[in-house]
2 protein chains.
Amino acid sequence: MSSPETSTFRDPMYLELFGQFKKTLTQLDKWLEAAAAHAAAKGFDPAVYLTLRLAPDQFPFVRQVQIACDTAKLGASRLSGKDAPKHADDEQSLEALRARVTSTVAYLESFSAADFEGAATRRVTQPRWEGKYMLGADYFREHALPNFYFHTTHVYALLRHNGVNLGKKDFLGTLSMHQP
Amino acid sequence: MSSPETSTFRDPMYLELFGQFKKTLTQLDKWLEAAAAHAAAKGFDPAVYLTLRLAPDQFPFVRQVQIACDTAKLGASRLSGKDAPKHADDEQSLEALRARVTSTVAYLESFSAADFEGAATRRVTQPRWEGKYMLGADYFREHALPNFYFHTTHVYALLRHNGVNLGKKDFLGTLSMHQP
């Protein structure tokens with residue numbers, strides 16, 4: 001909990017926003033833990049979660065977790081120029097997905113505000129854009145931010161839809177509340 | 001599409017982030033339009049959408065749309081001190097929900113950067129917090145931002161789960177891409 005006297009808001013606020021991604025991924029890890037406990041209590045194979053989909057032409061659960069991690073990881077890497085750890089996308093268990101989350105959180109923890117100097121005007125691209133680019137500020141706001149919450153929310157929604165006992169507090173985590 | 005020479009990134013960037021919320025709500029309106037077309041094509045009553053849930057103890061579709069709108073509306077109001085339009089939460093059709101979205105977008109369009117001066121250190125509270133408060137920067141990052149995408153993504157996910165033909169591009173909208 002931060003002190004009321006020291007707002008964490010600075011310019012650029014990328015560090016805080018990736019800090020928020022880190023917080024959400026830390027919550028996501030708890031959802032995976034709850035999913036494992038639910039499978040154990042009901043006596044089903046927790047690997048079943050990995051193939052769940054809300055629609056047959058949406059990515060399955062395992063891919064939702066992978067993309068949530070990669071949106072945070074590649075977002076921070078592209079905006080800072082810092083190399084990101086490689087992941088093979090070969091997870092076949094909740095434990096392996098939890099390790100993926102842990103690795104992503106550790107990478108996000110390696111950043112300082114200085115890493116994001118100039119990020120707003122950095123040119124960001126990826127192979128599928130065929131040479132086109134976005135400015136860092138636009139990329140973060142229009143692409144990384146909504147994609148990150150799109151995929152983390154799908155992870156959460158898939159678990160809720162399949163009976164895992166989660167609530168909004170598990171999505172948000174602890175809030176920086178102050179007494180008057 | 002912004003020019004590469006003029007990044008829209010400023011401090012504080014609340015105006016741009018609420019601009020992103022506005023963009024997502026504009027996309028959400030298109031999802032509702034697609035939902036209506038899907039109902040017409042399949043010959044079912046579009047009011048059915050309003051009661052859909054992904055889990056019996058989650059809010060139904062109608063409430064997900066209302067909260068998505070209110071997270072944007074009340075977030076901007078609380079961070080700026082500008083009065084927000086009142087909504088009765090009595091929508092009973094997709095058309096009424098689309099009007100709610102339109103009204104929220106119009107409110108967000110009324111803001112300028114100056115409205116958010118001092119927002120980061122403003123004390124934000126709401127009745128259910130029983131006197132406790134959050135600083136504006138923390139409130140935006142930890143509460144408004146994840147809640148907004150949580151509820152918009154649930155709206156999208158409920159429609160996808162029920163056969164409406166949407167894809168990621170419909171979620172993100174047009175990206176500010178530039179030719180090299």
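The values are calculated or read from the model by the stated rules, or taken from the named source; none is laboratory data. What you see is a predicted model, and the numbers here were worked out from it, not measured in a lab. Methodologically, a virtual Cβ is constructed for each residue, glycine included, from the backbone with ideal geometry; neighbour enumeration extends over all protein chains shown. Keep in mind that these areas ignore ligands, DNA and RNA; they rest on the heavy atoms of the full protein, side chains included. Shrake-Rupley method; radii C 1.70, N 1.55, O 1.52, S 1.80 Å.
With a ≥ b ≥ c the root eigenvalues of the C-alpha gyration tensor of chain A, is it rounded (a/c under 1.5), prolate (a/b larger than b/c) or oblate?
Values: a/c = 2.14, a/b = 1.32, b/c = 1.62.
Since a/c reaches 1.5 but b/c is at least a/b, the shape of chain A is classed as oblate.
Please report how far the C-alpha centroid of the stretch A:63-80 lies from that of the stretch B:136-180, rounded to the nearest whole angstrom.
16 Å
For peptide B:149-156, how many partner chain Cβ atoms fall within 10 Å of a residue's Cβ, on average? Don't skip to the end; give the middle numbers.
Working: counts 9, 9, 2, 4, 9, 5, 0, 5.
Taking the mean over all residues of the peptide, I get 5.
Under the convention of a label 7 Å out along Cα→Cβ, give the distances in nm from A:Gly173 to the same position in every other copy, shortest first.
Reported distances to equivalent positions: 2.7 nm.
Output the relative contact order of the stretch A:108-162, whole-number percent, from Cα pairs under 8 angstrom with separation of 6+ residues. Before the final figure, lay out each step's value.
Values: 25 pairs, mean separation 12.5, N = 55.
Relative contact order of the stretch A:108-162: 23 percent.
At 1.4 Å probe size, with no ligands or nucleic acids counted, give the accessible surface of B:Thr102 in Å², nearest ten.
Accessible area, nearest 10 Å²: 80 Å².
What residue among B:Val62, B:Val155, B:Val48 shows peak mean-square fluctuation when chain B is described by a Gaussian network model with Cα springs under 10 Å?
Comparing B:Val62, B:Val155, B:Val48 in a Gaussian network model of chain B, the most mobile one is B:Val48.
Just to be sure I understand the rule: take each whole DSSP H helix in chain A, project its Cα atoms onto its long axis, keep it if the span is 27 Å or more and its mean Kyte-Doolittle hydropathy is at least -0.5. Which ones pass?
Values: long enough: A:14-42 (41 Å, -0.11); A:61-80 (29 Å, 0.25).
TM-like helix candidates: A:14-42, A:61-80.
Would you be so kind as to identify which of A:Ala157, A:Ser80, A:Ala34 lies farthest towards the positive end of the dipole of chain A, taking Lys and Arg as +1 and Asp and Glu as -1 on Cβ and the Cα centre as origin?
In chain A, that residue is A:Ala157.
What's the local net charge at B:Gly163, with K and R +1, D and E -1, over the other residues with C-beta under 14 Å away?
On the way: positive: A:Arg53, B:Lys42, B:Arg160; negative: A:Asp57.
Residues close to B:Gly163 contribute a combined charge of +2.
Between B:Asn165 and B:Ala34, what is the label-to-label distance in nm when each label sits 7 Å out along the Cα-to-Cβ direction?
My value for the distance between the label points is 1.0 nm.
Exposed loop GluC sites (Glu not before Pro) only (DSSP loop, at most 15 other Cβ atoms within 10 Å): please give the longest stretch of chain A free of them, not including the sites. Kindly include the intermediate steps, with their values, before the conclusion.
Numbers: sites that count: A:Glu5, A:Glu117, A:Glu130.
Result for the longest clean stretch: A:6-116.
For the protein assembly as shown, rounded, prolate or oblate, judged on the Cα gyration tensor with a ≥ b ≥ c (square roots of eigenvalues), a/c < 1.5 rounded, else prolate if a/b > b/c? Mind dumping the intermediate values first?
On the way: a/c = 1.26, a/b = 1.06, b/c = 1.19.
Taking the square roots of the gyration eigenvalues as a ≥ b ≥ c, the protein assembly as shown is rounded.
Before anything else, pin down the relative contact order of the stretch B:1-156: Cα pairs under 8 Å, at least 6 apart, normalised by residue count, whole percent.
On the way: 152 pairs, mean separation 46.9, N = 156.
Rounded, it is 30 percent for the stretch B:1-156.
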